[in-house]
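So the structure is just underneath, and the comments pick up after that.
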Amino acid sequence: MNIGQAIQLARSKRKLSQAGLAKRAGISVSYLSLLERGRRDPPLSTIRRIAAALVMPVEVLFFLGAEDGELGQLNRDLAGQLAITALELLNGPLPEQAELSL
């Protein structure tokens, strides 16, 4: 699982800086940087806050962070198509009135 890479990818798709996401998620920029570089393993509560700050389901964040073999029997081509679709849904900035449900 590479949750840090998934966070970085989703953040860039949402056109958020590290500082912007960190503020929305209630974490420090340095901690977010460590997460994105895979230097820390965040607790589930932090992953949930980050997903909420990105206005995306935590399950999608986990899916995007899954590595080869971690998706069980899911066909590799289907997994690729699902990832592309998920990323397309994240394109662009966050909705102006997005409420965080932490």
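Readers should treat all values here as calculations from the given coordinates under stated rules, not as data from a laboratory. The model shown is predicted, which means the values in this text are computed figures rather than measured ones. Cβ sites come from the backbone with ideal geometry, for glycine too, and all protein chains shown count toward neighbours.
Glu59 to Ser28: FRET efficiency via 1/(1 + (r/R0)^6), r the Cβ-Cβ distance, R0 25 Å, to the nearest 0.05? Write down the numbers at each step before the final one.
Numbers: r = 25 Å, r/R0 = 1.02.
That pair, Glu59 with Ser28, gives E of 0.45.
Select from Gly80, Gly38, Gly20 the residue whose mean-square fluctuation is largest in a Gaussian network model of the chain (Cα-Cα springs shorter than 10 Å).
Fluctuation is largest for Gly80.
Which trypsin sites (Lys or Arg not before Pro) in the chain sit in a loop by DSSP (not H, G, I, E or B) and have at most 10 other Cβ atoms within 10 Å of their own Cβ?
Working: sites: Arg11, Lys13, Arg14, Lys15, Lys23, Arg24, Arg37, Arg39, Arg40, Arg48, Arg49, Arg76; in loops: Arg14, Lys15, Arg37, Arg39, Arg40.
Of the trypsin sites (Lys or Arg not before Pro), the ones in loops of the chain whose Cβ has at most 10 other Cβ atoms within 10 Å are Arg39.
For a bin width of 5 Å, list the pair-distance distribution of segment 3-90 built from all Cα-Cα distances, rounded to whole %.
Calculated P(r), rounded to whole percents: 3, 15, 27, 25, 16, 9, 4, 1.
Are there any GluC sites (Glu not before Pro) in the chain that are in a DSSP loop and have at most 14 other Cβ atoms within 10 Å? List them by number. Don't skip to the end; give the middle numbers.
Values: sites: Glu36, Glu59, Glu67, Glu70, Glu88, Glu96, Glu99; in loops: Glu67, Glu70, Glu96, Glu99.
Answer in residue order: Glu67, Glu70, Glu96, Glu99.
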